[in-house]
Each structure stands twice: as C-alpha cells, then as structure tokens.
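The values are calculated or read from the model by the stated rules, or taken from the named source; none is laboratory data. Note that the coordinates shown come from a computational prediction; the quantities given were computed from them, not determined experimentally. In this analysis, Cβ positions are derived from the backbone assuming ideal geometry, glycine residues included, and neighbour counts consider all displayed protein chains. Calculation scope for accessible area: heavy atoms of the full protein, side chains included, ligands and nucleic acids excluded. Shrake-Rupley method; radii C 1.70, N 1.55, O 1.52, S 1.80 Å.
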Amino acid sequence: MSGAASPAWGDPRGEGPGGGSVVRRILLGSQLRRLRESRGITREAAGYSIRASESKISRMELGRVSFKARDVEDLLTLYGVGDEAERASLLGLAREANVAGWWHSYGDVLPGWFQTYIGLEGAASVIRIYEVQFVHGLLQTESYAHAVVSRGMPGASASEIDKRVALRLERQKALVSENAPLLHVVLDEAALRRPYGDRSVMQDQLRHLIHVSEQSNITLQVMPFGFGGHAGESGAFTLLSFPESDLSDVVYLEQLTSALYLDKREDVAQYARVMERLCEDSPDAADTRDLLRGLLQLA
C-alpha cells in the first residue's frame, strides 16, 4: 500500500474516535494547532496549561479525543485569543464536536474504525467509489444487504444482522436529504455477476441500481468484463471530499479488521487519477443502464 494511515483520520490500528462529530473535532483540533504554532508555544507548554500531557495536546490537535470546554478556554487564553466572537465560535465548535452522531446507537455492532468512516461519509460533499466484490452499501437494497451481511458474518445472531442492515439503510438516507452529496460509483461487473441471495434478490438489486442511477446527484458506471485489465487493479477504495476548505480529501481503504485513511496529497492524487481513468474507460451512465437492463434479463 502506498502510504500509512494518517493519524488525523483515525488510529492505524483501527481505534478511531468514538461518538461525536469526527469532522468538527478535526476542524477544531487543526485550528488549535495553528493558533499554538503561530504563538511559538510547544505542545508540552500547552499541556501544562491545562494540566495534561504533551500527548493529550497531540491527540486533541488530531481530533482523536473529545474536548472539555474548560480546556479549550484555557488554551485560547494561552494562545492570546481575546476576541469574544472568535472565542465563542471555537467554543461552539467544541460543543458540537462532542455531540454523539446518529450512529452512536449502533455502537454494539459497529467497530470503532468504521465509526470514523461513517462520520466522514456523512460530512462529505462528494463521494467517489470503486467497488469489486459486491454492490456498495450505499446502493444496496434491504434484501441484498441482508444476504451480504449474513454471508460475511455466518456466526452472527439474527438481531445483530438486522441491526447491521438497518445501519446500512440509515446511511442511505443522506443520498435523498436536502444537502445530499454527489455520489459517483464505478462497479466492476464482477460485483453484479456474483449472486447474493436468491434470484429475486439479485433482480430487485439490479432494478434498484437502474432506478437510483437516474437521481441527479448519483452517477453509476459499470466496468465491463469486456474491457479487460483496467486501472482499478489495486482493489476497492473510496474518495471523500468535504465542503470545508480546511479538510483535505481522504482515501478510505477497508480491510478485514481495520481501515486505512490516506490524506497525503500524493496518495490522494494517485487514487483520484485511477478513479478518473475508471470513469473514462467505463460506459457512461446511460450505457450503464442499458448494461444493467441486459443483466436483469439474464438474472
């Protein structure tokens, strides 16, 4: 893999932040870091001012811990922030950063590293995805999702499977919300040829893809077998872009028991180029719908 997980986007061991707004924590942490550096104050000195360690300041600046209002107030005073409007804005951000995300109630079936992703996905304005194994979770029907989760977790209880499926369907609501992100998905044809569930499940899934691909904020393309080898040889990935100028794009790479979050400019640029080539080499949205209709007739 061409890089390591950036600590700003989650622990490389998979121990991402818990409940709360991932993005707001990162934004506040980055602003506190800039204020500290602009005053020439060390992390050690900043930690001393709030009765904490240097490592605690580092975790705060990386957005990996929650924020106490008193700590933020003391740091702003140390950094010479006397303007009441600026202080109020940053303290408001601290309060918002500690509000539990909607996914908090799914914590019993949700690993910490994936909570980080859901927070980022929910804050993204543009989501670009390449998927190989199955239809991406944001585009799955309930019955297809149930089949995917059941096969992936053969020892799970029925209630756990149902809750994981419910979480997946809850994530999809963002696609029809007032501030819905732009979603661009390239599915490898293998994802559509590999059956999950019975024939009716696959037929319903193909119909659903045809339907959602007509939404104005969703672009769906299929990379056909007939093209041969293509740019997506490294496997599935997700590119997330955010409306906040302070946040860089992030590449999300999911593994079996953890995930990588890449935000180094050169890494992101390489994945962006691969996505562009996949889009260029795949049939456009209209031709993809024709391809889906053909697969539906064969299903």
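Once Lys and Arg get +1 and Asp and Glu get -1 on their Cβ, which of Leu209, Leu239, Leu296 lies farthest toward the positive end of the dipole of the stretch 202-299?
Leu296
Helix-only estimate, please: 222 nm mean residue ellipticity of the chain, summing -39500 (n - 2.57) across DSSP H runs of length 4 or more and dividing by its residues, to the nearest 500.
-15000 deg cm²/dmol
Between Asp281 and Thr77, what is 0.36 nm times their sequence separation minus the Cα-Cα distance? Round to one decimal in nm.
Extra length available between Asp281 and Thr77 comes to 68.0 nm.
With θ set to phi - 60° and the Karplus curve 6.51 cos²θ - 1.76 cosθ + 1.60, what are the ³J(HN,Hα) couplings of the stretch 194-204 in order, to the nearest whole Hz, using x for Gly and Pro?
7, x, 10, x, 8, 4, 5, 4, 5, 4, 4
Taking θ as phi - 60°, what are the ³J(HN,Hα) couplings along the stretch 74-90 by the Karplus curve (6.51, -1.76, 1.60), each to the nearest whole Hz, with x for Gly and Pro?
Each residue of the stretch 74-90 in turn: 5, 5, 4, 5, 4, 7, x, 8, x, 5, 5, 5, 5, 5, 4, 5, 6 Hz.
With all protein chains present and a 1.4 Å probe, how do Arg293, Arg199 order by accessible area, largest first?
Arg199, Arg293
Per residue, how much accessible area does the stretch 31-94 have with a 1.4 Å probe, in Å²?
54
Check cross-link reach from Lys173 to the aspartates and glutamates: straight Cα distance under 15 Å, and skip same-chain residues fewer than eight apart.
Glu121, Glu142
What part of the accessible area of the chain, given as a whole %, is carbon or sulfur when the probe is 1.4 angstrom?
Within the chain, the accessible surface is 50 percent carbon and sulfur.
From the phi angles alone, apply the Karplus equation (6.51, -1.76, 1.60; θ = phi - 60°) to the stretch 32-46 and give each ³J(HN,Hα) in whole Hz, x where the residue is Gly or Pro.
Taking θ as phi minus 60°, the curve returns 5, 5, 5, 5, 4, 5, 5, 9, x, 9, 6, 4, 4, 5, 5 Hz for the stretch 32-46.
In square angstrom, rounded to the nearest 10, how much accessible surface does Glu54 have for a 1.4 Å probe?
Using a 1.4 Å probe on the heavy atoms, I get roughly 100 Å².
Using a 7 Å offset from the Cα along the Cα-to-Cβ direction at both Glu37 and Phe225, what is the distance between the two label points in nm, to one decimal?
Result: 5.1 nm between the two label points.
Using a Gaussian network for the chain with springs between C-alpha atoms less than 10 Å apart, which of these wobbles most: Ser105, Ser245, Ser58?
Among Ser105, Ser245, Ser58, the largest mean-square fluctuation in the Gaussian network model of the chain belongs to Ser245.
Just reorder Asp249, Asp188 by solvent-accessible area, largest first, 1.4 Å probe, all chains present.
Asp249, Asp188
Please report the accessible area of Asp204 (heavy atoms, 1.4 Å probe, ligands and nucleic acids excluded) in Å², nearest 10.
Taking all protein chains as shown, Asp204 has close to 70 Å².
Tell me the accessible surface of Tyr271 in square angstrom (1.4 angstrom probe, heavy atoms of protein chains only), to the nearest ten.
20
Using +1 on the beta carbon of Lys and Arg, -1 on that of Asp and Glu, and nothing else charged, what's the dipole of the chain about the Cα centre, debye to 20?
640
Amide H neighbours of Met223 under 5 Å, counting only residues 5+ apart in sequence or on other chains, H built in-plane at 1.01 Å?
Leu187, Asp188, Glu189
Please give the contour-minus-distance gain from Ala190 to Ala156: 0.36 nm per residue of separation, less the Cα-Cα distance, rounded to one decimal in nm.
9.6 nm
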